1. Sequence neighbours fewer than 8 away in the same chain don't count; with that in mind, list the aspartates and glutamates whose C-alpha is under 19 Å from Lys80.
2. Can you give the Rg and Dmax of the chain based on its C-alpha atoms, in angstrom?
3. Which of Asp23, Asp109, Asp44 moves most in a GNM of the chain, Cα contacts under 10 Å?
4. Lys and Arg at +1, Asp and Glu at -1: add these up for the other residues within a Cβ distance under 12 Å of His140 and post the number.
5. In whole angstrom, note down how far apart the Cα centers of the stretch 81-150 and the stretch 14-67 are.
6. Return the subset of Lys7/Lys87; Lys117/Lys153; Lys7/Lys161 for which the Cα-Cα distance in this structure is over 32 Å, preserving the input order.
7. What's the magnitude of the charge dipole for the stretch 3-171 around its Cα centre, counting Lys and Arg as +1 and Asp and Glu as -1 at the beta-carbon? Answer in Debye, nearest 20.
8. When a footprinting reagent is the concern and you count Cβ atoms within 10 Å, what order do Tyr57, Tyr40, Tyr176 take, fewest first?
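FYI, it's all coordinate maths here, none of it is from the lab. None of these values were measured; they are calculated from a predicted model. When we count neighbours, we look across all protein chains shown, and the Cβ atoms used for this are built from the backbone with ideal geometry, even at glycine.
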Amino acid sequence: MEIEMYKFFWRITKYNPANRINDVYTKNEWTSISDVGNLYPSGDFLIENYLETESLYITAINLIMNENNLNTIQVVDLEKYNFDVEKAEFHSIYTDEMKSIYNSVKNGDYISVYELKLLSQLILREKIWCKFQSREMFVHFGFDYYMYLGSVKECNDSLIKISNSGLFVESFESPYLEE
């Protein structure tokens, strides 16, 4: 997909831009599922906290997809990592459907909204990495729980809902775009 087709770009994260100096986030916060169980200034980081935030990210993607009238999107640049689940308390958050799609998804596949949810969970949990794209929009995930979306539409209604959910929306071009 060519970058020129998308007109609007956003970085959508759990990170408040007020805590960023010269584009470096300065507040001590969790950045990965592997941080579950650690203590932060805001308190213990529990699996429930992680799953709540993960759900907000997936809802944000769904909102932009809905505004673009999409019900499928393509998997691009797929990378699979080790699916082993290190912590015993994490076993229950990996469903048979997640394991199945991990094993079956291939680069270039067109996936449904439900499959997108499962794959996004696996990306955010660092089991795979890929980009999602269509003519109307793209989704890219970066390190430390950063997410980048682009669209041919402005998506103001969705962006308001995303901002009201507790995530932060900034105009920002994805560093994972190909020229």
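1. Once the sequence-local aspartates and glutamates are set aside, what remains near Lys80 is Asp96, Glu97, Asp109, Glu115, Glu126, Asp144.
2. 16.0, 46
3. Asp23
4. On the way: positive: Arg11, Lys131; negative: Asp77, Glu173, Glu178.
Counting the neighbours of His140, the net charge comes to -1.
5. After rounding, the separation between the Cα centres reads 17 Å.
6. On the way: Lys7/Lys87 42 Å; Lys117/Lys153 22 Å; Lys7/Lys161 20 Å.
In this structure, Lys7/Lys87 exceed 32 Å between Cα atoms.
7. Values: 16 positive and 24 negative charges, 70 e Å.
The dipole of the stretch 3-171 has a size of about 340 debye.
8. Working: Tyr57 23, Tyr40 13, Tyr176 16.
So the ranking, lowest neighbour count to highest, is Tyr40, Tyr176, Tyr57.
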